[in-house]
Every structure is written in structure tokens, then in C-alpha cells.
Amino acid sequence: MVADDPDAPGGTFTHWLVWNVPPDVGELPEGWTPPEQVVQGENDFGSVGYGGPKPPSEHTYRFKLYALDVTLDLSSGAGKQTLGDAMEGHVVAQTQLNGTFVP
């Protein structure tokens, strides 16, 4: 899953990269603790894991979910480009949820 903000002033800002989520996980509730096999990448805050919204004005947030035909062999802290490269040719389905945050 890629969670990002396309309305950020400097261009699309990545808030969360997470992969190898088991197919039986049906939701990611607030405070979710990922199972051991789940890996998280580096967000644009420069940390690994989720970084929440803090926009000064209304922003759209996209949660892009990809179903893959492989388990990715990427280390924690990988970036968005590395994740995208590893997913190439392995996406069997995808969906996107858009949300709006108004401070």
C-alpha cells in the first residue's frame, strides 16, 4: 500500500509505504500493529512507518492498494521508487481510496 498526498506544495508527499500484508488482513485500524511478515518503507518525513497528515489547508490523501503475485524481498526502509520497481510486472489488481483532510 502507498499512502500519499498529491496536494503537497513540493509535489506528491509519501506518508506510508507498507508491503507483504497477508491477504486475510481485512482492515488497518488506528494503532494497527503489523504482523511480523509486514514490511514498512521510508516515508517523506524520513522515518519508517506511517506519518500522519498535517496540512495547513485542505488536502487529498490517496491510499493505493496493490495485490501482487509475489512476496517482495525488500528491506525495511526501502523508498517509493524501490517499491515501485519491485512491484513492476507483479500487480494483479489494484484499487484506490481518496480522502480529504481539512484542518
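Values as computed for the structure displayed
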| item | result |
| --- | --- |
| Segment 80-103, residues that are part of a helix (DSSP H, G or I) and surrounded by fewer than 16 Cβ atoms within 10 Å (Cβ to Cβ) | GLN81, GLY84, ASP85 |
| Test: residue in segment 57-71 that is β-branched (Val, Ile, Thr) and under 13 Å from the mean Cα position of the chain (by Cα) | no |
| Filtered residues of segment 40-71 (kept if among the charged types (D, E, K, R) and modelled with pLDDT under 95) | LYS54, GLU58 |
| Hits in segment 23-43 (condition: surrounded by 11 or more Cβ atoms within 10 Å (Cβ to Cβ), within 23 Å of GLN81 (Cα to Cα) and either small (Gly, Ala, Ser) or more than 11 Å from the chain's Cα centre (by Cα) (or both)) | PRO34, VAL38, GLY41 |
| Selection from segment 55-79 of residues that are open to solvent by 80 Å² or more (accessible area, probe 1.4 Å), touching a residue at least 24 places away in the same chain (Cβ under 8 Å) and either among the charged types (D, E, K, R) or on the phi > 0 side of the Ramachandran plot (or both) | GLU58 |
| Extreme residue, surrounded by the most Cβ atoms within 10 Å (Cβ to Cβ), among residues of segment 44-54 that are outside any strand (DSSP E or B) and out of contact with any Phe, Trp or Tyr (no Cβ under 8 Å at 6 or more places or on another chain) | PHE45 |
| Number of positions in segment 55-71 that are among the hydroxyl-bearing types (Ser, Thr, Tyr), part of a strand (DSSP E or B) and closer than 20 Å to PRO35 by Cα | 1 |
| Close pairs (6 angstrom Cβ cut-off, 6 or more residues apart or separate chains): on the phi > 0 side of the Ramachandran plot in segment 8-31, open to solvent by less than 70 Å² (accessible area, probe 1.4 Å) and part of a strand (DSSP E or B) anywhere | ASN20/VAL39 |
| Tally of residues being assigned to a loop (DSSP other than H, G, I, E, B) and within 14 Å of the chain's Cα centre (by Cα) across segment 6-22 | 4 |
| All positions within segment 16-39 that are among the β-branched types (Val, Ile, Thr) and at pLDDT 90 or above | VAL18, VAL21, VAL25, VAL38, VAL39 |
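The values are calculated or read from the model by the stated rules, or taken from the named source; none is laboratory data. All values derive from a computational prediction rather than experimental measurement. Note that each Cβ is placed from the backbone with ideal geometry, even for glycine, and that neighbours are counted across all protein chains shown. Note: areas computed on protein heavy atoms with side chains; ligands, DNA, RNA excluded. Shrake-Rupley method; radii C 1.70, N 1.55, O 1.52, S 1.80 Å.
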